[in-house]
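Taken together, the values in this text are just the output of simple stated rules run on the coordinates, not laboratory data. Just so it is clear, the structure is predicted and the values come from calculations on it, not from any experiment. Heads up, the Cβs are rebuilt from the backbone with ideal geometry, glycines too, and the neighbour counts pull from every protein chain shown.
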Amino acid sequence: MEIKDKVPFEKELYPLKGIVTVLNTPFTQEDTIDYKALKDNVLNALNAGVAGFLVPAMAAEVYKLSYLEREKMLTLVLETVEDRVPVIGGAGEQDLSKSKVLLKNYIKLGCKNVLFQIPFVDEQQFSNHFEELATLGPEMIMLQDWNATGYGLPDDLICNLFEEVPAFRCLKIETVPAGLKYSRILELTKGKLNVSGGWAVSQMVEGLHRGVHAFMPTGMHSIYTTIYRLYEEGKPKEAEALFEKIIPVLAFSNQHLDISIHFFKRLLYRQGIYATPNVRNPILSFDALHQKLADKHIDRILHIEKELETLSLNKA
């Protein structure tokens, strides 16, 4: 029997469509979390029209955060959002027992939606890890399919888990390349498994054409939401024209996850949302030339944002 015949197509599609912001963690000069800055970023993203938040995840330098820091960040975001859009708690841990502790704490905080990032050894180990976490009772599970150099999780593993675990409703695909996998998973599940694009946001236009439901970048809230809105309004050429303006930015920022973290924190700092562009060690260096090039790209972003703001005011 083919996988597609085994999937329970009566499962309703999880309503996650649009831009879901993955929040960078703002740090003070003393290397503590700047919760005011985090709240300001959330409010800015909400004002731009994002469809949800993911916190804390890899872009948040999650494995450098204590459990208490992660829980305080998640609590602040939940309280700030006030159920206006979904908040997805990143419950990634390499060790199953640690994942369980974290997930239980998230559920106690009232977080209904969680992201699982599970190490892959083999399909049986992965399935057991996934199912043990699922029994703890989150309402919605998003699975992170991350592989910076390859195709990621096997299709049959994803589809079998989708069939067997009712709460598994969203998949975040971050593989190289991502496009073919978007289409395969959407076809195998007849579009019932909500598919998001993460690290492959540099192929956002391709993802839109392939029917991807949501995209999960960091920063550039108003630009990304405008691209998505234009496409949904039946204006693909306008959406692509705007996307083309940020391709040089993505080519620079997406060369490595650490470079991306440095870059988007520097953007948030230049936008006046974060008080510092600080990161937490260990992390790749961001030297003087990186900073010079980053500032040139940030000037481009600020100019585009100003254009969008002026256009929006003129229409009003």
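Would you point out which residue out of PHE252, PHE264 is out of contact with any strand residue (DSSP E or B) (no Cβ under 6 Å at 6 or more places or on another chain), free of Cβ contacts under 8 Å to residues at least 60 places away in the same chain and among the aromatic types (Phe, Trp, Tyr)?
PHE252
Criterion first (outside any helix (DSSP H, G or I) and either farther than 28 Å from ILE173 by Cα or of a type outside the set (S, T, N, Q) (or both)) does GLY219 satisfy it? Here the answer is yes, as GLY219 does meet what is asked.
In summary, LEU54 fulfils each of the numbered conditions (1) hydrophobic (A, V, I, L, M, F, W, C); (2) more than 25 Å from ARG229 (Cβ to Cβ); (3) crowded, with 19+ Cβ neighbours inside 10 Å with the single exception of condition (2).
For the range 161-187, the candidate set comprises residues that are crowded, with 21+ Cβ neighbours inside 10 Å and touching a residue at least 40 places away in the same chain (Cβ under 8 Å); within that set, the residue that is farthest from VAL20 (Cα to Cα) is PHE162.
Annotation note: Cβ proximity below 9 Å between a residue of the range 23-35 that is in contact (Cβ under 8 Å) with a residue 60 or more places away in the chain and a residue that is assigned to a strand (DSSP E or B) and β-branched (Val, Ile, Thr) (sequence gap 6+ or interchain) occurs for LEU23/VAL55; THR25/ILE33; THR25/VAL55; PRO26/ILE33; PHE27/ILE33. Considering the range 200-237, the residues that are of a type in the set (Gly, Ala, Ser) and touching a residue at least 60 places away in the same chain (Cβ under 8 Å) include one that is surrounded by the fewest Cβ atoms within 10 Å (Cβ to Cβ), namely SER222.
If you check every pair at least six apart or on different chains, which have Cβ atoms under 7 Å apart with a residue in the range 106-124 that is among the acidic types (Asp, Glu) first and a residue that is surrounded by fewer than 17 Cβ atoms within 10 Å (Cβ to Cβ) second? What qualifies is GLU123/PRO154.
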